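Have a look at the structure below before the remarks.
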Amino acid sequence: MIEFFHCSSLINPQIEFLLRLQEVRNSLDSSIVNDFFLLITTLGEFIIPTIICSTIYWCFDVVLGVYLFSLFTTNLIVAQLFKMLACVYRPWILSDKIQPLEKALRLASGYSFPSGHSVTTTSIFGGLAYILKHKIFSSFLLLVIFCVMFSRMWLGVHTPQDVIVGFLTGLVLVFSLKPFIDWCEADKNRYLYCLIFLNVIAIMCLMFICFKNYPADYINGMLIVNPRTSIYAAVFCYAYALGLADGFLICRKFFPFDTNISFKNKIFRAIFGLLLLFIVFYLMNTYLWGHSYSYKFVFCTIFTLGLVITAGYPAIFMAAEKFFKIRHN
């Protein structure tokens, strides 16, 4: 099945489509349009989904937060596994006529299939639409999903098959994980079973990714895709997913908190939590990105970050609210 996504009869029409988009992009010669799609595409990166999931989880609806974090962590694991299994090259490697927007290349290294941005936005925003069932708001969220999908092609970093399979993967997660969360909420002990199962499966997948043989194709004496770079990204995603998941699973089982507090206290939780996130993201951007650290260092650092978001900070604000005798409604 994986070979199917490499066949030229499938790839060639998609390259032609991207070339047509590229012609339109070049003919517009407008930084406004490109900047718009560069902004839209950030909705599928890990920072904004983290902020959305965290704010809901800490302040407004802990079960909905668990559901969204479940979608986020599962899509990180599944999307990276698919990428490393399929080893489909980026569009500009498949055709030297494709010229991606340079600013979009920062998070477009490694393999292409499926689009991680498409999986993330479909699962997070699709999950919100599925739960809230508000006609206008849900329609807006669906529009956001399709805009992100289109932005990946407009920027020249993904083919249609990448974003379509990413969308379908996210959609499967949206509909399959909600009954599972409801099943766990009915008996908190089930979260412990999930904790064990998730860690075993994720570590097995990560070991497979780290020791798998990857294509060694060269252009002008240079390796097209450096497996180390791709493995580095996979280690990052798996560490983050496990840290987040272990945190909320431990929280729900051993020290569950509630969001039935005054709106003022919700704001306090959000402000201090988001401030913590921005500090951490700034430090990561300054001292982690672009530096060559060992896989173990990256795993431990990012795992800790995820754990702090879903378990560490809740433990802090629970202790603070108890100390200051803040009543829950």
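The values are calculated or read from the model by the stated rules, or taken from the named source; none is laboratory data. Just so you know, these numbers come straight off a predicted model, no measurement behind them. Glycine gets a Cβ as well: all are built from the backbone with ideal geometry, and neighbour counts include every protein chain shown. Accessible surface areas use protein heavy atoms only, side chains included; no ligands, DNA or RNA. Shrake-Rupley method; radii C 1.70, N 1.55, O 1.52, S 1.80 Å.
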Among the residues of the range 216-238 satisfying the criterion of being open to solvent by less than 30 Å² (accessible area, probe 1.4 Å) and in contact with a Gly (Cβ under 7 Å, 6 or more places away or on another chain), which is nearest to Asn75 (Cα to Cα)? Ser230
Within the range 25-41, considering residues that are among the β-branched types (Val, Ile, Thr) and at pLDDT 90 or above, the one farthest from Val119 (Cα to Cα): Ile40
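Considering each of Ser118, Ser139 in turn, give the residue that is small (Gly, Ala, Ser), open to solvent by less than 60 Å² (accessible area, probe 1.4 Å) and in a helix (DSSP H, G or I). Even if it seems obvious, please write down each step before you answer.
Working: Ser139 fails: open to solvent by less than 60 Å² (accessible area, probe 1.4 Å).
Just one listed residue meets the conditions, Ser118.
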Only one of (1) in contact with a Phe, Trp or Tyr (Cβ under 8 Å, 6 or more places away or on another chain); (2) over 30 Å from Ala216 (Cα atoms) does not apply to Leu71, and that is (1)
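Helices (runs of 4 or more DSSP H) wholly in the range 46-97 with at least 1 residues that are out of contact with any Lys or Arg (no Cβ under 6 Å at 6 or more places or on another chain) and under 19 Å from Ile203 (Cβ atoms) - which ones? Even if it seems obvious, please write down each step before you answer.
Working: elements: 47-55, 62-86, 91-94.
By residue number, 62-86.
Those residues that are within 18 Å of Phe46 (Cβ to Cβ) and open to solvent by 80 Å² or more (accessible area, probe 1.4 Å), I need them from the range 239-274; list them, please. Break it down into steps so the answer makes sense when it comes.
Filtering the range 239-274 for residues within 18 Å of Phe46 (Cβ to Cβ) gives 239-248, 273-274.
If the condition is that a residue be within 18 Å of Phe46 (Cβ to Cβ) and open to solvent by 80 Å² or more (accessible area, probe 1.4 Å), then no residue fits.
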Starting from residues that are among the aromatic types (Phe, Trp, Tyr) and open to solvent by 10 Å² or more (accessible area, probe 1.4 Å), keep the ones in the range 60-95 and report whichever is farthest from Phe208 (Cα to Cα). Phe60
Filter pass, Val308 being modelled with pLDDT of 90 or more, within 25 Å of the chain's Cα centre (by Cα) and assigned to a helix (DSSP H, G or I): yes
Scan the range 30-45 for residues that are in a helix (DSSP H, G or I), without any contact (Cβ under 8 Å) to a residue 24 or more places away in the chain and of a type outside the set (A, V, I, L, M, F, W, C) and jot them down. Ser31, Asp35, Thr42
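Before we move on, is Met149 surrounded by fewer than 23 Cβ atoms within 10 Å (Cβ to Cβ), modelled with pLDDT of 90 or more and among the hydrophobic types (A, V, I, L, M, F, W, C)?
Details: surrounded by fewer than 23 Cβ atoms within 10 Å (Cβ to Cβ): no; modelled with pLDDT of 90 or more: yes; among the hydrophobic types (A, V, I, L, M, F, W, C): yes.
Answer is no for this residue.
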Which one of these is at pLDDT 90 or above and closer than 17 Å to Thr41 by Cβ: Ser54, Ser118? Ser118
Return yes when Cys210 is in contact with a Gly (Cβ under 9 Å, 6 or more places away or on another chain), touching a residue at least 40 places away in the same chain (Cβ under 8 Å), within 30 Å of Arg90 (Cβ to Cβ) and not β-branched (Val, Ile, Thr) and no when it is not. no
Reported set for the range 221-270 where residues are in contact (Cβ under 8 Å) with a residue 24 or more places away in the chain and outside any helix (DSSP H, G or I) is Ile224, Val225, Phe255, Pro256, Phe257, Asp258, Thr259, Asn260, Ile261, Ser262
